[in-house]
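Engineer: Below: one structure in structure tokens.
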Amino acid sequence: MPPLTPASVALDPIAHLRTALPARPRQALDPAGRKPAAVLLLLYPKAGEHVVLLTKRTSRVEHHRGEISLPGGAYHHGEDLSLLHTALRETREEVGVPEHMVEVLGLLDDQMPRSGFVIAPYVGAVPDPPVLQPSPDEVAEILEVPLSLLLAPDAVRHEPRPYEGTLVESFYYLYNDHVIWGATARILRQLLELFPRPLR
């Protein structure tokens, strides 16, 4: 097998993740009364590079209004067979990507956002740019963020943010004028740590 280099990973990041994700130790959290939920971090090629699909939530959703997020939502008892089914169903409902198109590559660490959920973050890929059909009730805007931009040395910003009455050191990613922070930023960072730098 040829040695792993940033250039070789840039040619096929999905092939790299097929190996790197299953080998990564995963932290599963005890829900402790929280609601189970799942999201899908979806990657695909577009315009000569791979992008990550994010959405800007509308003001009509129940949680995280106006924030940048990954497609996903709460587990529905009696409807969802598993948390993976939740992530795939929500992705179809929010942006129109059918379940059968998605190759599931693995799982990242569970997240506990302030909204009271325990989120299982799945990573998936589709081989070609999907035809996206955003739900007008849930999705105000679709963002297709280049993987190379997220992996740039200056991609991560740091600043104190208010949390429960105090300022805590936080990090975020900036894409155009969109601030990607919170659980979405933490999930992205876990994915990005699997890649050698820089990926161009």
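Engineer: Where does the chain land at 222 nm, in deg cm²/dmol rounded to the nearest 500, when only DSSP H runs of n ≥ 4 count, each adding -39500 (n - 2.57), divided by all residues?
Structural biologist: Rounded to the nearest 500, it is -6500 deg cm²/dmol.
Engineer: Something else: Under a 5 Å amide H to amide H cut-off, with H placed in plane at 1.01 Å, what residues pair with Leu42 once short-range neighbours are removed?
Structural biologist: Counting only residues 5 or more places away or on other chains, the set is Leu53, Gly124.
Engineer: Go through segment 117-123 residue by residue and turn each phi into a ³J(HN,Hα) via Karplus (6.51, -1.76, 1.60, θ = phi - 60°); whole Hz please, and just put x for glycine and proline.
Structural biologist: 9, 10, 9, 9, x, 8, 10
Engineer: Percent of Cα-Cα pairs more than 29 Å apart in the chain, please.
Structural biologist: Looking at the chain, the distances longer than 29 Å represent 20 percent of pairs.
Engineer: Give me a comma-separated list of calculated 3J(HN,Hα) values for segment 152-158, in order, Karplus coefficients 6.51, -1.76, 1.60 applied at θ = phi - 60°, integers in Hz, x for any Gly or Pro.
Structural biologist: So the Karplus estimates, Gly and Pro as x, are 5, x, 9, 5, 8, 10, 10 Hz.
Engineer: Another one. Determine ³J(HN,Hα), in whole Hz, for all residues of segment 67-80 in sequence, where each value follows from phi through the Karplus function 6.51 cos²θ - 1.76 cosθ + 1.60 and θ = phi - 60°; x replaces Gly and Pro.
Structural biologist: Computed from phi, the couplings for segment 67-80 are 8, 8, 9, 9, x, x, x, 6, 5, 9, 4, x, 10, 8 Hz.
Engineer: Moving to a separate point now. Under 5 Å between amide H atoms, partner at least 5 residues away or on a different chain: which partners does Ser170 have, H built in plane at 1.01 Å?
Structural biologist: The answer is Glu159, Arg161.
Engineer: Which residues does the label zone of Leu143 cover in segment 167-194, counting backbone N under 19 Å from a point 7 Å along Cα→Cβ?
Structural biologist: 170-193
Engineer: Which residue fluctuates the most in the chain, going by a Gaussian network model with Cα springs under 10 Å, if the choices are Val139, Val179, Val123?
Structural biologist: It is Val179.
Laboratory data are not the source of any read-out in this text; all were calculated from the coordinates shown. Nothing here was measured: the structure is a model prediction, and the numbers come from that model. Methodologically, a virtual Cβ is constructed for each residue, glycine included, from the backbone with ideal geometry; neighbour enumeration extends over all protein chains shown.
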